[in-house]
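Colleague: Before I ask anything, let me first share the structure, which is written out below as structure tokens.
The values are calculated or read from the model by the stated rules, or taken from the named source; none is laboratory data. This one's a predicted model, so the numbers in the text were calculated from it and none came from an experiment. Please note: Cβ atoms are built from the backbone with ideal geometry, for glycine as well, and neighbour counts cover all protein chains shown.
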Amino acid sequence: MERYKPIIEDWQAFREECKNKEAVKAVRKNPLKAGDNFEDRLFDQFPEAEKSGWNPQVYRLNSKESAGKSMLHWRGDYYVQEESASLPVEVLNPQPGEKVLDMCAAPGGKTTQLAAKMENKGLLISNDDNAQRLKSLHANIYRTGSTVARVTNYDGRRIPKEQKYDRILVDAPCSGEGNNARRTFESADEHEYENLSEIQQKLVENAEKLLKDDGVIVYSTCTFAPEENEAVVKKIIEETDLTLENIETDVPHVRGVEEFEDKDFGSEMSKTVRIYPHHLQSGGMYVARFRK
Amino acid sequence: MPGSESREKLGVKDAWKYLNERFGIRKEDIESYKIIKKSGDFWLTSNHSEPDLEYETVGIRFLRDTGKYIKPTTYGLQILGGKIESAIIEVSKKELITLLDGDMIERELGIEKGYVAIEYEGDVVGCGLYKDELVSSRISTGRADELKNLL
């Protein structure tokens, strides 16, 4: 992780958070299932729980108890999700009745969040190319009552283009440093960055072809590597008709980096968002938003 | 048993009829949804046309056509939840554990034999079968084991 020292201002806080602490367990309320008494039930089970400061659907449990072992979870009243992981869907902001594509949907955290924000109205295509991961995607869709979700199993780079979408989420496969940092505190290797960034770029390029005019694409990863984040975004704005939009959010974050090592990504990257583990005692996340 | 018409004739209209007659569900209660028949079962999804794609699933399977009758799924009944007006039984913790253990509980419901929604602490938790004044669980083994461990 030392390679990120020049771009992470509060290096000490970052390092300490990754090395010494467990992420705070968080859950996202599922309004498709949760009743009016959700908070009472949640606080009953997790007395130390508190609402997230920026996302009213997210609760930090502050408990050692497993969030996956409660009646509320069994019923699908909440989804166990790292606090930072709920940002991409908030930024995409899908509306009820719209046509939305989740290009890399398994295991379903963001797809069930999309369904909830869409109030189960409209069209949600929840795609994933990994057939084995569809099992967990289905289980989570069923448990949360996300009836709007239609599951497909295409390679995201080759989803048929007849249907155009209002909004597309490309939560791309990545090296996952934002989650792995707590386990190994080691960055991924160069070849991995290279392979992944090529796939990531092609996913967004296909998403552009699937997007309606004036539609929105959100690109996200859970890695710190600029090769998979700002470098991909730079290529996209250079090689497609997509424009980068500024993300305004109350979530603790820093802006995307404009340069790293010998690479220059440009000042536009300040429109994108990086969340480091110490910001929310959560995982890492990178988010960019494009409009066609 | 309601919904025991021959398999060939069961269509979406039969599914609506079954929901209405058995559980008191009115079409307007779930007007933002649509029911489609796929792979022989009935699925609940949003009221929107499907683009021409190859689908693994469309929405949530909520009624199974067993060939002899229509059987609601546990997930389907959970979605219908508070809209269910008939064929619903409320159970205590002890009764729920009995059901999840695979045993039966006694109930006089005054309804025809068939499937019922099992309610616990105000929430529909799944599907049961009512026959000869006895109720048994039809919650899948995996989900039933998970639930039992939480009680």
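Colleague: What is the residue count in region A:16-36 for residues that are over 26 Å from A:Ala149 (Cα atoms) and either within 14 Å of another protein chain (Cβ to nearest Cβ) or without any contact (Cβ under 8 Å) to a residue 24 or more places away in the chain (or both)?
Modeller: 1
Colleague: Which members of region A:1-55 meet the condition of being aromatic (Phe, Trp, Tyr) and not in a helix (DSSP H, G or I)?
Modeller: Scanning region A:1-55 gives A:Phe46, A:Trp54.
Colleague: Then there's this: Checking the condition modelled with pLDDT under 95 and within 17 Å of the chain's Cα centre (by Cα), which residue from A:Glu22, A:Glu16, A:Glu82, A:Glu65 passes?
Modeller: Answer to the selection: A:Glu82.
Colleague: Next question. Would you check if there is a residue in region B:65-84 being free of Cβ contacts under 8 Å to residues at least 24 places away in the same chain, more than 11 Å from chain A (Cβ to nearest Cβ) and within 30 Å of A:Leu134 (Cα to Cα)?
Modeller: Yes, region B:65-84 has at least one match.
Colleague: Any residue that is closer than 30 Å to B:Ile30 by Cβ and away from chain B (no Cβ under 14 Å) - is there at least one of those in region A:172-193?
Modeller: no
Colleague: Among the residues of region A:246-271 satisfying the criterion of being part of a loop (DSSP other than H, G, I, E, B) and among the β-branched types (Val, Ile, Thr), which is surrounded by the fewest Cβ atoms within 10 Å (Cβ to Cβ)?
Modeller: Filtering first and then ranking leaves A:Thr249.
Colleague: Also, I was wondering about something else. Quick one: in region A:110-137, of everything that is more than 19 Å from B:Ser49 (Cα to Cα), buried (at least 22 other Cβ atoms within 10 Å of the Cβ) and touching a Lys or Arg at 6+ places or on another chain (Cβ under 9 Å), which residue is farthest from the other protein chains (Cβ to nearest Cβ)?
Modeller: Ranking the qualifying residues of region A:110-137, first place goes to A:Gln113.
Colleague: Looking only at residues that are within 7 Å of chain B (Cβ to nearest Cβ) and touching a helix residue (DSSP H, G or I) at 6+ places or on another chain (Cβ under 7 Å) in region A:150-162, which one is farthest from A:Leu203 (Cα to Cα)?
Modeller: Here the residue is A:Val151.
Colleague: Could I ask something else about it? Return the residues of region B:133-151 that are among the basic types (Lys, Arg) and within 14 Å of chain A (Cβ to nearest Cβ); say none if nothing qualifies. Steps first, please.
Modeller: Of region B:133-151, the ones among the basic types (Lys, Arg) are B:138, B:143, B:148.
Residues satisfying the conditions are B:Arg143, B:Lys148.
Rundown of residues vs (1) farther than 30 Å from A:Glu227 by Cβ; (2) hydrophobic (A, V, I, L, M, F, W, C), yes/no style:
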| position | (1), (2) |
| --- | --- |
| A:Ile7 | no, yes |
| A:Gln12 | no, no |
| A:Arg15 | no, no |
| A:Leu32 | yes, yes |
| A:Asn37 | yes, no |
| A:Phe43 | yes, yes |
| A:Glu50 | yes, no |
| A:Gly53 | yes, no |
| A:Asn62 | yes, no |
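Colleague: Would you check if B:Thr45 is part of a strand (DSSP E or B), over 16 Å from the mean Cα position of the chain (by Cα), within 30 Å of A:Asp155 (Cα to Cα) and within 14 Å of another protein chain (Cβ to nearest Cβ)? Before the answer, list the steps.
Modeller: Values: part of a strand (DSSP E or B): yes; over 16 Å from the mean Cα position of the chain (by Cα): no; within 30 Å of A:Asp155 (Cα to Cα): yes; within 14 Å of another protein chain (Cβ to nearest Cβ): yes.
Criteria not met by B:Thr45.
Colleague: If I go through region A:95-133 residue by residue, how many of them are in contact (Cβ under 8 Å) with a residue 12 or more places away in the chain and not in a loop (DSSP other than H, G, I, E, B)?
Modeller: 20
Colleague: If you take the residues of region B:69-101 that are of a type in the set (Val, Ile, Thr) and in a strand (DSSP E or B), which of them is surrounded by the most Cβ atoms within 10 Å (Cβ to Cβ)?
Modeller: The extreme case among them is B:Ile70.
Colleague: Quick check on region A:256-292: of everything there that is within 16 Å of the chain's Cα centre (by Cα) and of a type in the set (Lys, Arg), which residue is nearest to A:Val24 (Cα to Cα)?
Modeller: A:Arg274
Colleague: Let me ask something else. Could we say that A:Val233 is surrounded by 22 or more Cβ atoms within 10 Å (Cβ to Cβ) and not in a helix (DSSP H, G or I) here?
Modeller: Numbers: surrounded by 22 or more Cβ atoms within 10 Å (Cβ to Cβ): yes; not in a helix (DSSP H, G or I): no.
No: the conditions fail for A:Val233.
Colleague: Given the structure, is B:Glu112 surrounded by fewer than 18 Cβ atoms within 10 Å (Cβ to Cβ), in contact (Cβ under 8 Å) with a residue 60 or more places away in the chain and in contact with a Phe, Trp or Tyr (Cβ under 9 Å, 6 or more places away or on another chain)?
Modeller: Considered against the rule, which asks whether it is surrounded by fewer than 18 Cβ atoms within 10 Å (Cβ to Cβ), in contact (Cβ under 8 Å) with a residue 60 or more places away in the chain and in contact with a Phe, Trp or Tyr (Cβ under 9 Å, 6 or more places away or on another chain), B:Glu112 comes out as yes.
Colleague: Those residues that are closer than 23 Å to A:Leu210 by Cα and without any contact (Cβ under 8 Å) to a residue 12 or more places away in the chain, I need them from region A:147-184; list them, please.
Modeller: Scanning region A:147-184 gives A:Pro160, A:Glu162.
Colleague: Residue by residue through region A:47-79, note down the ones that are on the phi < 0 side of the Ramachandran plot, within 14 Å of chain B (Cβ to nearest Cβ) and not acidic (Asp, Glu).
Modeller: Matches in region A:47-79: A:Ser66, A:Ala67, A:Gly68, A:Lys69, A:Ser70, A:Met71, A:Leu72, A:His73, A:Trp74, A:Arg75, A:Tyr78.
Colleague: Please state which one of A:Val27, A:Val89 is crowded, with 17+ Cβ neighbours inside 10 Å, closer than 30 Å to A:Lys263 by Cα, under 22 Å from the mean Cα position of the chain (by Cα) and β-branched (Val, Ile, Thr).
Modeller: The match here is A:Val89.
Colleague: Please verify whether B:Ile97 is closer than 30 Å to A:Glu119 by Cβ and among the β-branched types (Val, Ile, Thr), treating the condition exactly as stated.
Modeller: Taking the combined requirement at face value, the residue does not satisfy it.
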